[in-house]
Amino acid sequence: MGGAMNGYYAGGDPLVDTKDPGGPLTERWDKRRFEAKLVNPANRRKRTVIIIGTGLAGGSAAATLGEAGYQLKVFCYQDSARRAHSIAAQGGINAAKDYRNDGDSVQRLFYDTVKGGDYRSRESNVYRLAQVSAAIIDQAVAQGVPFAREYGGLLDTRSFGGVQVSRTFYARGQTGQQLLLGAYQALERQVAAGTVELNTRHEMLELIVIDGKARGVVVRDMVTGAFETHLADAVVLASGGYGNAYHLSTNAMGCNVSATWRAHRKGAYFANPCYTQIHPTCIPVSGEHQSKLTLMSESLRNDGRIWVPAVAGDTRDPALIPEAERDYYLERTYPAFGNLVPRDVASRAAKQQCDAGRGVGPGGLGVYLDFKDAIKRLGRETIEEKYGNLFDMYAKITDEDPYSTPMRIYPAIHYTMGGLWVDYDLESTVPGLFVIGEANFSDHGANRLGASALMQGLADGYFVLPGTIGDYLATNPLPAGIDATHPAVLEAEAAVRERTARLLAVNGSRTVDSFHRELGSILWEYCGMERNEEGLTKAIGLIRELREAFWADVKVTGVNEELNQSLERAGRVADFFELAELMCIDALHRRESCGAHFRTESRTPEGEALRIDEEYSHVAAWEFAGDGAPPILHREHLGFEHIKVQARSYK
């Protein structure tokens, strides 16, 4: 509690998930669905739900709820729902179908996910995720998603990090794109049927809360600048993660935290914000001109071998370095999993090699991912069939041929396991506000296993939310007579107008991007792959100083009443400043290493992450206490009845 005494945060009441049905783990989801109140088909036409985001989670939820008969208002900031960032996912989607007959099961997927998250996720939620995973594949196949198939016609699978079975279904290196197009066509069918009103080029800027319940949003038409208020019986956030707080990440440049952060300021607790994923397989930074990083799918680690020169400072061409002078360090250190260790383990190992001077490429910030052996064993044609589009993308970005010379990779910010706190029903601490996909915190603990993001997003959208939101809608309709003249609606819109005017009025000398880049550098340095108390304390001070400078000297060009990308970015970066401080406070409070969160003060004699279960086996859910006031920490205890908690080992 030292951080609390230092004034960084205040202690709050414990948090309990009252929606968890309890009882036998295998029966909980069926039990909850049976106990949930229903809305009969005739009444669903009278219920309206707002959904923010059209990625895998939002798109699948809107399609499913529309098919069920509800009225949907759906918003995205892209010019088309099919441009959501889910389209960039490459490697695959997990499901416990065991086509390979290699020992997979719902229980094993459940176990691998909890272990992969370093025992910092809920058993109930993760078991449900494993249960519905197989149905996702059936749903996608029925939609025509072109999964890869074996010679005999069965769907093909491949392995991913952190598991010893082959459970990842894929569509070459375009799995996210194909799955999103499947959800998109289902969504568009509902648009044509009249159950879904789709609003592109609209950004959510505020949540409307009436009498303690989420009842609507304020959005900005990004083309005209017009502010609009929309009311509904419930609101669903499916707005993705916040990795772009670091400026350089694998996320699309438009990805932001504003929707969830606006909800946080209205009462939705933010859980585990410091749990960000470092992906080990990204193309290294090439210079300060970059505005984003490019991910190379983790699936490449199936056939590629990762190595560095055995001697520090060896700058020879990789083709001239003989086998005896190479260190295949993952295979050496983790023989049971080799190159398929989880992302956090692979990322830290790469950083350690580069810190020791064995890195390759510009600045020594890279390791080799080599396909020479795989091409020799399988043939170039097979490798092209499995990974061809990824190899082409690498060649276009680096001007190097990965078929003849090893790829260079280095860890980068990717996914965020933190997000708004939700209960078993995926409802936040604001009644009527549901949060799905990467925008919530629920399933991945301290480290997401590869190919589980698509699984969670579609599980939430196709199966979980449709099974729980009816319980709320059955007894909590929007009261009659509430419209755009309600005081809470007028107050929310006024807040958006004031904030927008304030950003435009600064008229300083520095660009939004310069502030964003500096903020990202602070986060990466002090709250990235490694963290410690001294660095996090320093980071909080630097972020506060930079935020003051932002509001005093940022230059936002143009006006509101037009297409204004400078204004859009300014609002998002302003929210990143507030989130970044909370991320560092959360990392400071958690004085243990677990998953992707590595505290240098908490490590084993071998240098691995050292959890402190007796003190930190909890979800850290943060309550906004007002501008200038320290956030309030609520702990949700994590109990494990069905999995033995032990030191995570992949050796």
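The values are calculated or read from the model by the stated rules, or taken from the named source; none is laboratory data. Bear in mind that the values here come from a model prediction, so they are computed numbers and not experimental data. Here the Cβ positions follow ideal geometry from the backbone for every residue, glycine too, while neighbour counts run over all protein chains shown. Accessible surface areas use protein heavy atoms only, side chains included; no ligands, DNA or RNA. Shrake-Rupley method; radii C 1.70, N 1.55, O 1.52, S 1.80 Å.
To the nearest 0.05, what FRET efficiency results for residue 625 and residue 356 with a Förster distance of 25 Å applied to their C-beta separation? So the FRET efficiency works out to roughly 0.05. Once the Cβ-Cβ distance of residue 514 and residue 185 is raised to the sixth power relative to R0 = 51 Å, the FRET efficiency obtained is 0.80.
Out of every Cα-Cα pair that the stretch 467-574 contains, those further apart than 21 angstrom amount to 57 percent. Direction-averaged projected area, Cα convex hull, the chain: 27.6 nm², rounded to one decimal. Between residue 331 and residue 101, the simple label model (points 7 Å from Cα in the Cβ direction) yields a spacing of 3.0 nm. Spacing of the modelled spin labels on residue 13 and residue 372, each 7 Å from Cα toward Cβ, amounts to 6.4 nm. Full extension of the chain between residue 482 and residue 396 yields a length gain of 25.5 nm, computed as 0.36 nm times the residue separation minus the alpha carbon distance. The aspartates and glutamates whose alpha-carbon is closer than 18 Å to the alpha-carbon of residue 376, local same-chain residues fewer than 8 away aside, are 303, 323, 384, 385, 401.
Can you order the peptides 519-527, 562-570 by their average number of other Cβ atoms within 10 Å per residue, highest first? Don't skip to the end; give the middle numbers.
Numbers: 519-527: 20.7, 562-570: 17.8.
The packing order, highest mean first, is 519-527, 562-570.
Accessible surface for the chain, divided over its residues, is 37 Å² per residue with a 1.4 Å probe. As I understand it, the value is the acute angle between the Cα axis of helix 175-193 and the longest principal axis of the Cα atoms of the chain; what does it come to in degrees, rounded to 10? Helix 175-193 sits roughly 20 degrees off the main axis of the chain. Highest-first packing order for the peptide set 425-438, 448-461 is 448-461, 425-438, based on the mean count of other beta carbon atoms within 10 Å.
For the chain, the longest principal axis of the Cα atoms and the long axis of helix 487-506 meet at an angle of about 50 degrees.
Could you work out the mean projected area of the convex hull around the alpha carbons of the stretch 551-612, in square nanometres to one decimal?
Values: hull surface 25.6 nm².
Value for the stretch 551-612: 6.4 nm².
Starting with the highest mean, order 395-401, 533-539, 228-234 by the number of other Cβ atoms within 10 Å, averaged over the residues of each peptide. Intermediate values should be presented prior to the final figure.
Values: 395-401: 11.7, 533-539: 17.4, 228-234: 20.9.
Per-residue Cβ counts within 10 Å, averaged per peptide and sorted highest first, yield 228-234, 533-539, 395-401.
Relative to the dominant Cα principal axis of the chain, helix 512-526 is inclined by about 60°. Rounded to the nearest 5, what % of the DSSP beta bridges within the chain are antiparallel ones? Of the beta bridges lying entirely in the chain, close to 65 percent run antiparallel.
When the helix-only estimate is applied to the chain (DSSP H runs of n ≥ 4, each -39,500 (n - 2.57), divided by the residue count), what is the mean residue ellipticity at 222 nm, nearest 500 deg cm²/dmol?
Details: 19 runs with 232 residues, N = 651.
Rounded to the nearest 500, it is -11000 deg cm²/dmol.
Computed extension length for residue 380-residue 292: 28.6 nm, one decimal, from 0.36 nm per residue of separation with the Cα-Cα distance subtracted. The apolar share of the surface of the chain, taken as the fraction of accessible area on carbon and sulfur atoms (1.4 Å probe, ligands and nucleic acids excluded), comes to 50 percent. Simple spin-label estimate for residue 600 and residue 507 gives 4.6 nm between the two label positions (7 Å along the Cα-to-Cβ direction from each Cα).
Between residue 20 and residue 317, what's the calculated FRET efficiency when r is the beta-carbon distance and R0 is 51 Å? Round to 0.05. Mind dumping the intermediate values first?
Working: r = 57 Å, r/R0 = 1.11.
My answer for the efficiency is 0.35.
Which of rounded, prolate, oblate describes the stretch 203-271, given a ≥ b ≥ c as roots of the alpha-carbon gyration tensor eigenvalues and a/c under 1.5 marking rounded, otherwise prolate only if a/b is larger than b/c? Don't jump to the answer; show the numbers that get you there.
Working: a/c = 2.67, a/b = 1.37, b/c = 1.96.
Judged from the Cα gyration tensor, the stretch 203-271 comes out oblate (a/c at least 1.5, b/c at or above a/b).
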